[in-house]
């Protein structure tokens, strides 16, 4: 109950804060428009050249798949690693650890709270624009789509937070985790199906995307393809497995790291 | 002029020496950024493998595109990393110290910080251009063109970055506006050149000069197009003059916060 109250309070405060600064929404929107907009035009051109279908995927499927990637990225969950790194390097961690709230949970709610407002605005407006301009593929109208999409979306949020929290916690042992962050972030970008939709992945890359935590953190991009109807339970199962593995890793990392922190007071 | 140039070189030298003190972090940043950039090559190479040649662009051209863009980005934001801190400095009032400096303000702002990760971009850019040279078996003229284009593209990149970051003086919450504006310029410069056709190509050449940083230079080297080279040269000169004017106009809007800040 206490945790839910904490989450509610953080969400409310941060959403109010974000609404006061329209410039931040402008930055999020231009980021999406400049990346996704150009990609859509590129793939429109590519699909026209290839007769409307590549590897069984249509242009509408690819556009929605990439849109899911970019709208998911507006949640900004990857920033949790920088937040944790900043807490550790600035020494703020000792203050936060002495509070009567679980540190990692606090950071998780904070991160979701920061991203929820731009995510909702960008997703609603973007989805409407794509539905009107490009249309909705049949695969998104079957009854299975919505419930499995919600499930894999929640799973993607948890896996993303866990992956990036592990990166952040590494700051307890090395002085600068930024390079590790770049590599992990690019792995997520490639295997998540951002610039190159998963329908165009070579076989070996598809397998890596399927079984690695980097791909699992953006499985929402798989939901629009025809194959989703047959692989959804497998992909959601893989997400569950990664949640268990990464959750255990974080538990041990954090318990070991906390022992290294010396609270000086004052 | 010569004195300003000497100051810039001195500031850069000191910045590098200071950054190199943290050796592990320094090396990790350089190596990390190089690996990070490889991701874009992988993505576009897989793209070319999956869909074939689009708009005449092959995998080798993508390597060159990433080389040009990374090199420009690396040179500007390693030696002139202070520019990226401008929105923050204007907001919190630490820009005061540049206003009081007898040196050229723009040179002082840019060289106030050094971006270690930018060195990774430079290494990556050079490696990509060398690989491109081997892949297309460049002749002497093409080597010269690459060198000239790196200089022109870097000047253009710097000019547009200055114009974008000058927005820091016009908005209250400038950090995000500036990053949005810069994103609009930078993101298209990383994309597959075949994506830009017709009106979109004209827009990203003449309105937002993103394609002049990488895409057009690659096409110039490939096709030995002197017409396109003159377009890049003219637009570089135009943007350079324009950005200095924009910056000088923008700093007039700065209001001192009367903070006592020194150094940097």
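The values are calculated or read from the model by the stated rules, or taken from the named source; none is laboratory data. Computed from a predicted model, the values in this text were never measured in an experiment. Note: ideal-geometry Cβ built from the backbone for every residue, glycine included; neighbour counts use all protein chains shown.
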Checking residue A:13 against (1) at pLDDT 85 or above; (2) within 13 Å of chain B (Cβ to nearest Cβ); (3) within 30 Å of residue A:105 (Cβ to Cβ), the condition it does not meet:
(2)
Just give me the residues in segment B:205-228 being free of Cβ contacts under 8 Å to residues at least 40 places away in the same chain and either in contact with a strand residue (DSSP E or B) (Cβ under 7 Å, 6 or more places away or on another chain) or buried (at least 24 other Cβ atoms within 10 Å of the Cβ) (or both), in sequence order.
B:210, B:211, B:216
Show me the helices (runs of 4 or more DSSP H) found entirely inside segment B:26-100 where at least 3 residues are modelled with pLDDT of 90 or more, within 17 Å of the chain's Cα centre (by Cα) and away from chain A (no Cβ under 13 Å).
B:59-79
For segment A:163-186, how many residues are in a helix (DSSP H, G or I) and either within 11 Å of chain B (Cβ to nearest Cβ) or more than 23 Å from residue B:117 (Cβ to Cβ) (or both)?
9
Selection count where residues are within 8 Å of another protein chain (Cβ to nearest Cβ) and not in a loop (DSSP other than H, G, I, E, B), scope segment B:176-191
9
Scan segment A:126-144 residue by residue and report those that are touching a residue at least 12 places away in the same chain (Cβ under 8 Å), part of a helix (DSSP H, G or I) and surrounded by fewer than 20 Cβ atoms within 10 Å (Cβ to Cβ).
A:126, A:127, A:130, A:140
Scanning segment A:152-163 residue by residue, the ones that are touching a residue at least 24 places away in the same chain (Cβ under 8 Å) and surrounded by fewer than 18 Cβ atoms within 10 Å (Cβ to Cβ) total 1
Looking only at segment A:202-211, decide whether some residue is in contact (Cβ under 8 Å) with a residue 40 or more places away in the chain, more than 9 Å from every other protein chain (Cβ to nearest Cβ) and farther than 19 Å from residue B:45 by Cβ.
no
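Rundown of residues vs (1) assigned to a helix (DSSP H, G or I); (2) within 14 Å of chain B (Cβ to nearest Cβ); (3) surrounded by 19 or more Cβ atoms within 10 Å (Cβ to Cβ), yes/no style:
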{"residue": "A:9", "(1), (2), (3)": "yes, no, no"}
{"residue": "A:25", "(1), (2), (3)": "yes, yes, no"}
{"residue": "A:61", "(1), (2), (3)": "yes, no, yes"}
{"residue": "A:93", "(1), (2), (3)": "yes, no, yes"}
{"residue": "A:111", "(1), (2), (3)": "yes, no, yes"}
Can you confirm whether residue B:125 is more than 14 Å from chain A (Cβ to nearest Cβ), under 23 Å from residue B:11 (Cβ atoms) and in contact (Cβ under 8 Å) with a residue 12 or more places away in the chain?
yes
Mind listing just one residue for me: the one in segment A:184-204 that is more than 22 Å from residue A:38 (Cβ to Cβ) and at pLDDT 90 or above and, of those, surrounded by the most Cβ atoms within 10 Å (Cβ to Cβ)?
A:184
Considering only segment A:237-252, I want to know if a residue exists there that is over 24 Å from residue A:79 (Cβ atoms) and either at the interface with another protein chain (Cβ under 10 Å from one of its Cβ atoms) or touching a strand residue (DSSP E or B) at 6+ places or on another chain (Cβ under 9 Å) (or both).
no
Every residue from segment B:164-190 that is in contact (Cβ under 8 Å) with a residue 24 or more places away in the chain, buried (at least 22 other Cβ atoms within 10 Å of the Cβ) and under 30 Å from residue B:221 (Cα atoms):
B:189, B:190
In the list B:18, B:78, which residue meets the criterion of being surrounded by fewer than 18 Cβ atoms within 10 Å (Cβ to Cβ) and either out of contact with any strand residue (DSSP E or B) (no Cβ under 7 Å at 6 or more places or on another chain) or over 17 Å from residue B:157 (Cβ atoms) (or both)?
B:18
Can you tell me which of A:47, A:36, A:67 is under 28 Å from residue A:195 (Cα atoms), more than 12 Å from chain B (Cβ to nearest Cβ) and at pLDDT 85 or above?
A:67
